[in-house]
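Undergrad: My questions will all concern the structure given below.
The values are calculated or read from the model by the stated rules, or taken from the named source; none is laboratory data. What you see is a predicted model; the values in this text were computed from it and never measured. Here the Cβ positions follow ideal geometry from the backbone for every residue, glycine too, while neighbour counts run over all protein chains shown.
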Amino acid sequence: MNMYAGLTIAAAMTLTAASPAWAQGTYPVDTVTMVVPYAAGGAGDTVGRLVADELSRRLGVNFVVENVGGASGAIGAEQVSRAPADGSTLLLAGNAIFTTAPHLADVGFDPFVDFTAIANVSEAVRMLVASKSLEVSNLEEFVAYGKAHPGEMNYGSVGVGSTGHVATVDMLNVMGIEAAHIPYKGAAEVVQAVLAGDVQFMMDAAAIPQVRQDTVTPLAVPGADRIAEFPDVPALLESGYDSITGTGWQMVMGPAGMPADVVAAIEAALEEANADPAFVERLGKAGVSPRFMTGSMLDSALRSDYERFETLLTGLGLAK
């Protein structure tokens, strides 16, 4: 069976370089494919296009964004792992692809053998929100409803093993609530499901724009800290629920064996972008915050979280 059967590829977007930053225009290829392993329209897709645009301008090459959704991002990631290591193919992905997904299923790649960690770009703070159809107005009412109606609620995420999925499972266990998980190919699909009442709640950064529009009910922020923009939305820890953080990272990876000078150029361009107020503002509008890490820092962070999630998922009975 073709392992790529059924993958979702949205219309590619070509980004034309404005001014070459690479010395003498000598980047090894003329066009780079930036694979975004999620469906178009979600936060991950938006960040991927922002990053591709920045790299196009700063490196002086064209970028094509290709959406390859499915299997919680693993299909797109595997595609990149098998691509030529010449700088022509990059991956804009969330950390869960490398830290949780390999513990849940055979993903077709080794996160620390088949990739080059180039740089982390941003992080997204998730929010737990409920569909207006659920008719709860705060976290206390949500917990009470869940306990009174075990197994009757559904929740969505961008896929099995995604940070949002794992954080939600952990939270529900702490709360003593039973609910069914429905995976989607991207955050935009989860949002639409919540708005339509097909699922009753979600925990994702993509929910935050809907909170601004008052189309969903904000319940809580995973972790210990409230979000400054929403001071009335409590953190789970202060509410008595010791849950794992709901923060996710967005990073640029490449196939293993990329030339060191190419990696260094991309890393430097992303570091410059993260210091650019205009880029930071665009990230904010996409619902994420800048968080730059060099390739070596990113590799260490991923390895640490890989071990942490292995312990967590085993304890939750989710590990393969």
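Undergrad: Name every residue in region 286-317 that is surrounded by fewer than 17 Cβ atoms within 10 Å (Cβ to Cβ), at pLDDT below 95 and assigned to a helix (DSSP H, G or I), in order of residue number.
TA: Selection gives S304, E307, R308, E310, T311, T314, G315, L316.
Undergrad: Moving to a separate point now. I'd like to know if region 183-200 contains one or more residues that are more than 15 Å from L134 (Cβ to Cβ), touching a residue at least 12 places away in the same chain (Cβ under 8 Å) and surrounded by fewer than 16 Cβ atoms within 10 Å (Cβ to Cβ).
TA: no
Undergrad: Same structure again: Every residue in region 145-164 that is modelled with pLDDT under 90 and over 15 Å from L219 (Cβ atoms), please.
TA: Within region 145-164, the first condition is being modelled with pLDDT under 90, and the residues that meet it are 158-164.
Result: V158, G159, V160, G161, S162, T163.
Undergrad: Test each condition in (1) over 30 Å from S137 (Cα atoms); (2) not in a loop (DSSP other than H, G, I, E, B) for L283 and report the one that comes out false.
TA: (1)
Undergrad: May I pose another question? Give me a count of the residues in region 171-188 that are within 13 Å of the chain's Cα centre (by Cα) and part of a helix (DSSP H, G or I).
TA: Of the residues in that region, 2 qualify.
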